[in-house]
Structure formats: structure tokens, C-alpha cells
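Please read the structure below before turning to the comments.
Only the coordinates and a few stated rules stand behind these numbers; no lab work does. Because the structure is predicted, anything quoted here is derived from the model rather than measured. Every residue, glycine as well, gets a Cβ built from its backbone with ideal geometry; the counts of neighbours run over all protein chains shown.
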Ligand SMILES: CC(C)(COP(=O)(O)OP(=O)(O)OC[C@H]1O[C@@H](n2cnc3c(N)ncnc32)[C@H](O)[C@@H]1OP(=O)(O)O)[C@@H](O)C(=O)NCCC(=O)NCCS
């Protein structure tokens, strides 16, 4: 084998003999609502300070959707941009997957509402709920359809209107979250490596660390559920923090191991944008250099399933990642759920 044909890294998919089939991200897009809510604004709403929020989380501001702007609207804007960049028409889309914990309504799925808005009437459509890990779960699901030749073009969207489930009287949580959407068009693009591997995990035993109690079959809406604020998300911050760091490090290490990659080979690590201290702790434990870590949570806060999708869009559009670069994405969310993916851009 000549040096030029020596593989640069191991492709874990290769052993499944997909005969040259790859799953590449053909285009990305993101959208955040216009309205910005700063830490100074929050100082007027709850007993908090810009200093506390900045030092404990790294967040300075977040975007908040308008009253008449819903998750499907944010998702549609991000999707149309990703489709334009990928050069894909609505008719070409075979499947739409929307990862969200804030669907427009319990049913029909937000994916169906997006299908209608973008006019992709040939596409199957469903929502996927893995909280903040949803976008990586979605990429992995899309990849399975593409590698198995079931579909050629899949649109994966992470979209959230978290402002609709945040308790604006609870300073422990309301400072953390924001609204937004990110999308990716996945296709078989021969010759490109694309998505190399994705690790997914979950631990339902810790489902009580981060949840919204009411609105489902267990506790349908009643006057009491509303008055006792059960339609808002609740979180055990400290425990969530610890679990996040541990799960993200484990998932990222496993993804790297599968590709036989050392962390130094990764150009850009895109972690879930929940807390700057989580990002730094994960980077530190993986042995990454600070310049490898991508962070934009100071502008957007935690946008759950949209978080790494918005971050990828920014990393690509600002030139932080270039063709051929290796990207490591690592996420964590309610469930608990977690995931990590290695992508050759
Ligand atoms: C929420 C989080 C920022 C809190 O940071 P922390 O360092 O753990 O802070 P603590 O929970 O120890 O709280 C410290 C104090 O600050 C207070 N506090 C909480 N929110 C506050 C706010 N917005 N402003 C001012 N004080 C606040 C607490 O009441 C507590 O006060 P006390 O000591 O008098 O009880 C942090 O735990 C975190 O980021 N957790 C993970 C969250 C996450 O990622 N969730 C999504 C996962 S996908």
C-alpha cells in the first residue's frame, strides 16, 4: 500500500460492507428568533445577576421566539437554509426527522408540520425525542436509512421553543435555556467519508434529574397541574452536571476508540452547549486543547436538541471546519440520554 493510500483513520462502518455507500452532511442551516433576552433583562425578572449567570454557565444571552412563532417555524427556516446549501429540492427529500422536546403540539408530529411548510410531500416524517441528545440520535437514525439504501436524502432537524416550558419564576432554570433550530441534509455522497460513527446511550433510572411532569398521559392538564407549575421543566442542576461530564467523556472516548483516533486528530469538538464549565471539564478529561473546543452558548444558551446543530452550522459557516477536517460532537440530555459522533467534513 503506498503512503497516499494508507487510511487516515479506521472507518467502523467499512466492515459492514456497504459497498461504497457513505452518509455525508450535504448542507447545514440554523435559525434563531430575533428577540434577544440578555442576562441584564433576567436581572429584572428573577433574583439573579449577570455575574452569577456568566461565571456559573458562560451564558450571556439567549434568543426567544415570538408568541406566534412555533418550533415548526424555527425548524422550517433552518431546514430551508440547509436544503438550499445542499442544493436539494423539497421533492428529493425522502424522510424528515425532527428532534424536539417542545413540539408544536403532542400530535401530529412537528415533522409533519415542517413537511407541509417546506412542501416535501414525498417524505415520510416523524419526531424523535431524546432531549438534548436528539440531534445526534437523529443523525444516527438517518444514517441507518441511507446506508441501508432505504432512502437517499434525509432531513434531520433539531428545533426547540424551550421558552414555552421554562418557568420564568425559577432562577435555577430560566437563565439556562433559549430557542432555536438547526438542520442538516444527509445524503449518500460517494467518495466522502461523512458520518463515521455515532455512539448513543441512555439511563432511564435517572429520568427524575430533568423532566416535565405534566401534559402527558401520566398527568394530563388540570387546573391543579397548572397552578402547581407542573407544565414547566424541573432540574437537579448539580447531579445533572456530574452525569453530563461523565457520560459525555465516556461517549466521546468510545467514538474515538472505534475510529482508532487520538483526540489530537480532531479539528473541532462540538459539545452540547449547556454550560461552559461542562464543556471545559469534558475537554479537559478528553485531553483536548482549549482551541479544539467549539462554544457559542454565550449567545444562545442551551437550546436542547438544536444546540449542536446550531453550533455545527456556525463552525462550518465561519470556516472553523474545512473539508477533510474531523469533527467530534458530543451531547447529553434528559432521559438520561447521551451520544457522540465522529464526522469527516
Ligand atoms: C444549574 C447550574 C448552572 C447551577 O450551578 P451550580 O454551581 O451547580 O450552582 P448550585 O446549584 O450549587 O447553586 C448555588 C447557589 O446559587 C443559587 N442560584 C441558582 N440559580 C441562580 C441564579 N440564576 N442566580 C443566582 N443564584 C442562583 C442557588 O439557589 C444556590 O444557592 P444556595 O447555595 O443559597 O442554595 C449547574 O448545576 C448546571 O449547569 N447544571 C447542569 C445543567 C444542564 O446542563 N442541564 C441541561 C442538561 S442537557
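For the pair residue 117 and residue 67, a Förster radius of 22 Å applied to the C-beta separation gives a FRET efficiency near 0.75, rounded to the nearest 0.05.
Pairwise Cα distances in the range 96-201 exceed 20 Å for 44 percent of all pairs. Diagonalising the gyration tensor over the Cα atoms of the range 42-149 and scaling each eigenvalue by 5 before taking the square root yields semi-axes of 32, 16, 14 Å, largest first.
On a full-extension model of 0.36 nm per residue, what is the gain between residue 296 and residue 238, subtracting their alpha-carbon distance, rounded to one decimal in nm?
Numbers: separation 58, 0.36 × 58 = 20.88 nm, distance 2.20 nm.
Fully extending the segment from residue 296 to residue 238 adds 18.7 nm.
If the chain linking residue 170 and residue 246 were pulled fully straight, counting 0.36 nm for each residue of separation and taking away their Cα-Cα distance, it would gain 24.7 nm.
Per residue, the chain reaches -9000 deg cm²/dmol at 222 nm when only DSSP H runs of four or more residues are counted, each adding -39500 (n - 2.57).
What length, rounded to one decimal in nm, is gained on full extension from residue 231 through to residue 203, with 0.36 nm per residue of separation minus their alpha-carbon distance?
On the way: separation 28, 0.36 × 28 = 10.08 nm, distance 2.30 nm.
Taking residue 231 through residue 203 to full extension adds about 7.8 nm, to one decimal.
A Förster radius of 25 Å, combined with the Cβ-Cβ distance separating residue 89 from residue 149, puts the computed FRET efficiency at roughly 0.75. For the range 197-344, the spread of Cα positions along the three principal axes, ordered from largest to smallest, is 55, 30, 24 Å.
Ranked by the mean number of other Cβ atoms within 10 Å of their residues, highest first, the peptides 329-339, 73-83, 104-114, 230-240 come out as 329-339, 73-83, 104-114, 230-240. Placing pseudo-labels 7 Å out from each Cα toward the beta carbon at residue 105 and residue 221 gives an inter-label distance of 1.0 nm.
Place a point 7 Å from Cα of residue 10 in the direction of its Cβ. Which residues in the range 121-144 have their backbone N less than 16 Å from it? The answer is none. Calculated from the alpha-carbon coordinates, the range 180-220 shows an Rg and a Dmax of 18.0, 50 Å respectively. In the chain, the DSSP beta bridges split such that about 70 percent are antiparallel, to the nearest 5.
Ranked by how many other Cβ atoms sit within 10 Å of their own Cβ, fewest first, the residues 60, 161, 67 fall in the order 67, 60, 161. Evaluated over the Cα positions of the chain, the convex hull gives a direction-averaged projected area, one quarter of its surface, of 17.4 nm².
By the count of neighbouring beta-carbon atoms within 10 Å, fewest first, 320, 258 end up ordered 320, 258. If you take the Cα centroid of the range 289-337 and the Cα centroid of the range 138-155, the two points sit 21 Å apart.
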